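Let me begin by handing over the structure; questions about it come next.
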There are 2 protein chains.
Amino acid sequence: MNTPRPPLNIGSVERDTGLGKDTLRAWERRYGFPTPDRDEHGERLYPAEQVDRLRLIKRLIDLGYRPGKLVGAGEEELALLGAQSMPVAATTDGEEIAPQKAAPLIERVLGELREHDLPALQQTLSQALLREGLQRFVIDTVGPLNIAVGEAWMRGEIEVFEEHLYTEQITTLLRQALAGLAPSGQPPRVLLTTVPDELHTLGLLMVQALLALEGASCIPLGTQLPLFDLRQAAIAHRADIVALSFSAAFPTRQLQPLVGKLRELLPPEVELWIGGGGCTRLRPLAGLRILPTLEGALSALEEWRQRR
Amino acid sequence: MNTPRPPLNIGSVERDTGLGKDTLRAWERRYGFPTPDRDEHGERLYPAEQVDRLRLIKRLIDLGYRPGKLVGAGEEELALLGAQSMPVAATTDGEEIAPQKAAPLIERVLGELREHDLPALQQTLSQALLREGLQRFVIDTVGPLNIAVGEAWMRGEIEVFEEHLYTEQITTLLRQALAGLAPSGQPPRVLLTTVPDELHTLGLLMVQALLALEGASCIPLGTQLPLFDLRQAAIAHRADIVALSFSAAFPTRQLQPLVGKLRELLPPEVELWIGGGGCTRLRPLAGLRILPTLEGALSALEEWRQRR
DNA sequence: TGTTCATTTTGTCCTGTACAAAGCGAGGTG
DNA sequence: CACCTCGCTTTGTACAGGACAAAATGAACA
């Protein structure tokens, strides 16, 4: 049953973990981890277990931990993951203190994921959607579910492919709901996308659902739109708002300059809204609206409308 | 109107073009292109026009041209793009010789894209879907449309963001159609996904539509599933078939070894089907089914059923 | 017309070095 | 005691230049 997993070269590890080649080599030099073998030609070969650990470390770093502590240490990370509350939690206010409202549903979804019961999962989710309505479903259920699934993975309770299955089902469900909404044609016109290297589709879809439900005209442009093309798109579609999503995994290094550059690029009358797990690391900036929570998007929309 | 576009550093260029840092530096060394400026600290700054050209070169390489010819040369690429027929065209047989059957529709779609008329585009596409039926729509319309849109971009007739808009609309439409299909519960059970670094969602969705329409049980796992997790998923879901999609952009270098490794990893009774623009570069292999065309997926399904 | 072999092309990996921006903590000030 | 400033440490990313193997090409040959 348990095929010995083949080791990966540095390029594959970069793709699998999201850690750059340079970073991987730097960690090895500085912290003594990872410790890849070498093939006959002197190239690094990372054992699968070390790649697993790298993936975990990456997620913990995205949560706010420092590499020096994680990469150097051994096994006491296990303690850290048990403590699921991330140090970043105290961001703005204590607004995210109601995570276990949907606790029974969460347990049910996790169970169905572990059992690979796709029909049951689909039914559970669409029942929840119908029961709660799209807005409450997105805010109260999908949000906490996403977090719970991520944490369950970190605790080793579910596998990567089960997480993928979850994401895919939510995506399908949201797109289906979205398709049922007739285009309103009303303002504001909102452009939704992500920048290159950012694949955080789900968050974007959640925002789109909320905004479309309130009658905004959403223009989804998929993911990974280069900055300057985003400017062109905003002008061409006469957008009132450009909404971007950054996952927590987006490199902090590039976040601030990138958003600054984009703000300069966009016409000043176009608003720029940023959401997703990565946006808490952003410093305030004129003409920039930071939306750490989903409710934030709704109130931002309301404000926009009052302003007109 | 025309803001001077800011130059990009090497990391941004990597993300925007898909060309690795090492490759970018190697081209500069070998072919004398690109010729980035340097910032005050000696780091490369690529002018936006050179990034455009790099994007174009990348697409032409994906089509089968050699870097040495493209990167070294200057401006006569313009001639090449005019000749839209790629050298790889003569792959298996002359089966792809009916591209302009949908010509009027293609022109209409391109026009609506250029005018950013989202409602019209949506209507055109869903009318076509209803008129032709899902199967013919996917095979006869979406396939050629994808090619036409890509070529129009290369000719400079449409912008990147217009291409993104197109992709997004097709995705929405296909997912919507797919949602309308009740799960059949019938064999075969097909796992659909892509490997890390491969984002070619659309092709996967097209195959899913065709297979689901014929009553197969499709289990979509999104994109970028690591190899070993794919194995686990296949076992957990008791899959009969694993279907992967590779775009033409996938690095040839890694394609063959990766597929070989995967074939070893998967249980022998699970079939492995590979489709997408990248699969023509694959050499045949035992237990591997290469599907260069969409029709191929259908006949493969039929064969599978007869075998049982 | 098709197959084999030598040569060129090309992407990727290596080592070792360097530096700036972000994070952290000490110390001073209201 | 809270808050701000400043210097030190951490950390990601960039550079050069060399190396090599797999893929593509074209020439020689059957």
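The values are calculated or read from the model by the stated rules, or taken from the named source; none is laboratory data. None of the values given here were measured: they were computed from a predicted structure. Methodologically, a virtual Cβ is constructed for each residue, glycine included, from the backbone with ideal geometry; neighbour enumeration extends over all protein chains shown. These area figures cover heavy atoms from the full protein model, side chains too; ligands, DNA and RNA do not enter into them. Shrake-Rupley method; radii C 1.70, N 1.55, O 1.52, S 1.80 Å.
Given Cα pairs under 8 Å that are at least 6 residues apart, what percent is the relative contact order of chain A?
11 percent
Rounded to the nearest 20 debye, what is the charge dipole size of segment A:99-180 about its Cα centre when +1 sits on each Lys and Arg Cβ and -1 on each Asp and Glu Cβ?
It comes to approximately 380 debye.
Another question, then. Residue-wise, which Karplus ³J(HN,Hα) couplings in Hz belong to segment B:223-230, taking 6.51 cos²θ - 1.76 cosθ + 1.60, θ = phi - 60°, and x for glycine or proline?
Calculated HN-Hα couplings, in order: 10, 6, 8, x, 3, 5, 5, 5 Hz.
What is the dipole size for segment B:189-307, taken about its Cα centre, with +1 at each Lys and Arg Cβ and -1 at each Asp and Glu Cβ, in debye to the nearest 20?
Here the size comes out at about 260 debye.
How large is ³J(HN,Hα), in whole Hz, for each residue of segment A:114-129 in order, when computed from phi with the Karplus curve 6.51 cos²θ - 1.76 cosθ + 1.60 and θ = phi - 60°, using x for Gly and Pro?
In residue order, the calculated couplings are 5, 8, 6, 9, 4, x, 4, 4, 4, 5, 4, 5, 6, 4, 4, 4 Hz.
Still on this model: So what are the ³J(HN,Hα) numbers for segment A:49-54, from phi and the Karplus equation (6.51, -1.76, 1.60; θ = phi - 60°), rounded to whole Hz, Gly and Pro as x?
Coupling constants for segment A:49-54: 5, 5, 5, 4, 5, 4 Hz.
Let me ask something else about it. Rounded to the nearest 5, what % of DSSP beta bridges with both residues in chain A are antiparallel?
So the antiparallel bridges amount to about 15 percent of the total.
Select from segment A:155-188 all residues whose loss of accessible area on going from the chain by itself to the full protein assembly reaches 20 Å² or more (probe 1.4 Å).
Residues shielded by partner chains are A:159, A:160, A:161, A:164, A:165, A:168, A:172, A:175, A:176, A:179.
Hey, another quick one. What's the ranking of B:110-116, B:272-278, B:51-57 by average number of surrounding C-beta atoms within 10 Å, highest first?
B:272-278, B:51-57, B:110-116
Using amide H atoms built in the peptide plane, which far-off residues or other-chain residues are under 5 Å from residue B:199 H to H?
Amide H neighbours of residue B:199: none.
In nm, what does the list of distances from residue B:254 to its counterparts in the other copies look like, shortest first, when each label sits 7 Å along Cα to Cβ?
1.6
Kirkwood hydrodynamic radius, computed over distinct alpha-carbon pairs, for segment A:245-308: how many Å, to one decimal?
12.3 Å
Can I ask one more? With charges only on Cβ, +1 for K and R and -1 for D and E, what is the dipole size of chain B about its Cα centre, in debye, rounded to 20?
960 debye
Which one of B:45, B:33, B:6 is farthest out on the positive end of the charge dipole of segment B:2-49, using unit charges on Cβ (Lys, Arg +1; Asp, Glu -1) and the Cα centre as origin?
Result: B:33, furthest along the dipole toward the positive end.
Continuing with the same structure: What's the lysine pair count for the protein assembly as shown at a Cα cut-off below 16 Å, pairs eight or more apart or interchain?
Qualifying lysine pairs in the protein assembly as shown: 5.
Let me ask something else. Work through the residues other than residue A:288 whose Cβ is under 10 Å from its Cβ and net out their charges, Lys, Arg +1 and Asp, Glu -1.
That works out to +2.
In segment B:144-194, carbon and sulfur make up what percent of the accessible area (probe 1.4 Å)?
That share works out to 53 percent.
Looking at A:199, A:278, A:218, which one has the Cα that reaches farthest to the positive end of the dipole of segment A:189-307 (charges on Cβ: Lys, Arg +1; Asp, Glu -1)?
Looking along the dipole axis, the top candidate is A:278.
In addition: DSSP beta bridges in the protein assembly as shown, what fraction antiparallel, as a percent rounded to 5?
Of the beta bridges lying entirely in the protein assembly as shown, close to 15 percent run antiparallel.
Taking every pair of alpha-carbon atoms in chain B, give the share separated by more than 30 Å as a whole percent.
For chain B, the fraction of Cα-Cα distances above 30 Å is 39 percent.
Averaged over A:224-232, how many beta carbons belonging to a partner chain fall within 10 Å of each residue's beta carbon?
Partner-chain Cβ atoms within 10 Å, mean over residues of A:224-232: 6.
Need one word for segment B:189-307: rounded, prolate or oblate. Basis is the Cα gyration tensor (sqrt eigenvalues a ≥ b ≥ c); a/c below 1.5 gives rounded, then a/b vs b/c decides.
Because its axes are fairly even, with a/c under 1.5, segment B:189-307 counts as rounded.
What does the buried accessible surface come to for A and B, summed over both chains, with the probe at 1.4 Å? Round to 100 Å².
Chains A and B together bury approximately 4400 Å².
Residue of A with Cβ nearest the axis relating A to B, plus distance in whole Å?
Closest Cβ on chain A to the axis mapping it onto B, in Å: A:175, 2.
On the Cα set of the protein assembly as shown, report Rg and Dmax in Å, please.
23.8, 68
Ordering A:145, B:45 by accessible area with a probe of 1.4 Å, largest first, what comes out?
The residues order as B:45, A:145, largest area first.
Would you grab the residues whose amide H sits under 5 Å from the one on residue A:45? Only those 5+ places off in sequence or on another chain, please, with H modelled 1.01 Å from N.
Answer set, sorted by chain and number: A:37, A:38, A:39.
Using a 10 Å cut-off on Cβ to Cβ distances, tally the other chain neighbours for every residue of A:249-260 and report the average as a whole number.
Taking all residues of A:249-260 together, the mean is 1.
What's the center-to-center distance, using Cα atoms, between segment A:262-294 and segment B:209-243 in Å?
For segment A:262-294 versus segment B:209-243, the Cα centre distance is 38 Å.
Counting only other chains, what is the mean number of Cβ atoms within 10 angstrom of the Cβ of each residue in peptide A:194-206?
Mean shielding count: 2.
Can I ask one more? Determine the per residue accessible area of chain A with all protein chains present and a 1.4 angstrom probe, expressed in square angstrom.
Heavy-atom accessible area per residue stands at 46 Å².
What is the set of long-range amide H partners of residue B:272 at a cut-off below 5 Å, with H atoms built 1.01 Å from backbone N?
Here B:242, B:289 satisfy the definition.
Starting from a label point 7 Å past Cα on the Cβ side, list the distances from residue B:285 to the same position in the other copies, nm, shortest first.
4.4
For segment A:234-308, what % of the accessible area comes from carbon and sulfur atoms, probe 1.4 Å?
Carbon and sulfur together cover 54 percent of it.
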